[in-house]
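Below is one structure, written out as structure tokens; the observations come after it.
The values are calculated or read from the model by the stated rules, or taken from the named source; none is laboratory data. As the structure is a prediction and not an experimental result, all values here were calculated from the model. No Cβ is skipped: glycine too gets one built from the backbone with ideal geometry, and neighbour counts run over all protein chains shown.
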Amino acid sequence: MVFRNFTPANVLIRNAVQRIRELGQIAGELPRTAVLLHVNDTFGTSIAQAIAALWTQLDIPIRIVETLSYAVTARDLSAEVARAKAANPELLMPVTRVNDAILIVREMVRQDFVPKAIIGPGSPGPYEKAFTDALGRFGDEYMVSVPWHNPRNPRTAQVLQRFAREYPGERFELNVG
């Protein structure tokens, strides 16, 4: 059995960009600058391009001061994190998968890079059990904007019960089963 909970890419990215704007409004202060850091495969590049287009289209008042990419096979992201840190953004927007998200956060801790916010705009990784297990408290304030199940929906309750039976001890997340 495969459990899959996802939305079309255009909806995912539009919602992610809109949530970034809303978060600043809720917090009472929008970040002024951002760095977009993305994996350079088809997934990361297409998301970065969509973000750039929507950023202008939706008139997001946060200036993206740097867009950095890294190889999908990267095992060391110290140079990319150093470049992001040097740009001094208030917001870091990583487009990652779980392993590179872990590398980025570990390197941010090592380099003492602490932007006001880290928001993954529609990218997997930080919500996965492997991420939270690997980073503990260092992964606590990394936000992501991705679809999620509605725990109040009766259908969701059925899926969660079935998942618990078929995968005891596992956490229900976007990439499970």
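Summary of computed values
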read-out	value
Residue in region 161-175 that is surrounded by 14 or more Cβ atoms within 10 Å (Cβ to Cβ), over 18 Å from I102 (Cα atoms) and of a type in the set (A, V, I, L, M, F, W, C) present	yes
Members of region 132-177 found to be in contact with a Pro (Cβ under 9 Å, 6 or more places away or on another chain), assigned to a strand (DSSP E or B) and either among the aliphatic types (A, V, I, L, M) or over 25 Å from A9 (Cβ atoms) (or both), listed by number	M143, V144
Residue list for region 51-71, restricted to those being in contact (Cβ under 8 Å) with a residue 12 or more places away in the chain, closer than 20 Å to P31 by Cβ and not in a helix (DSSP H, G or I)	L58, I60, P61, I62, R63, I64, V65, E66, T67, L68
Single condition V146 does not satisfy, out of (1) touching a Lys or Arg at 6+ places or on another chain (Cβ under 7 Å); (2) surrounded by 20 or more Cβ atoms within 10 Å (Cβ to Cβ); (3) not polar (S, T, N, Q)	(1)
Test set (1) closer than 24 Å to A52 by Cα; (2) not in a loop (DSSP other than H, G, I, E, B) - R110 fails condition number	(1)
From the options S78, S145, S123, residue that is at pLDDT 95 or above and within 22 Å of L37 (Cα to Cα)	S78
Subset of region 72-107 (residues that are touching a residue at least 40 places away in the same chain (Cβ under 8 Å), surrounded by 15 or more Cβ atoms within 10 Å (Cβ to Cβ) and not in a helix (DSSP H, G or I))	A87, P89, E90, L91, L92, M93, P94, V95, T96, R97
Count - residues of region 12-22 that are over 13 Å from I47 (Cβ atoms) and touching a Pro at 6+ places or on another chain (Cβ under 9 Å)	3
Qualifying residue in region 62-82 (condition: farther than 24 Å from A9 by Cβ and within 16 Å of the chain's Cα centre (by Cα))	yes
Conditions (1) more than 17 Å from the chain's Cα centre (by Cα); (2) of a type in the set (A, V, I, L, M, F, W, C); (3) modelled with pLDDT of 85 or more: number failed by F172	(3)
Residues that are basic (K, R) and more than 21 Å from R21 (Cα to Cα), drawn from region 100-141	R106, R110, K129, R137
In region 13-36, the residues that are out of contact with any Ser or Thr (no Cβ under 8 Å at 6 or more places or on another chain) and in a strand (DSSP E or B)	T33, A34
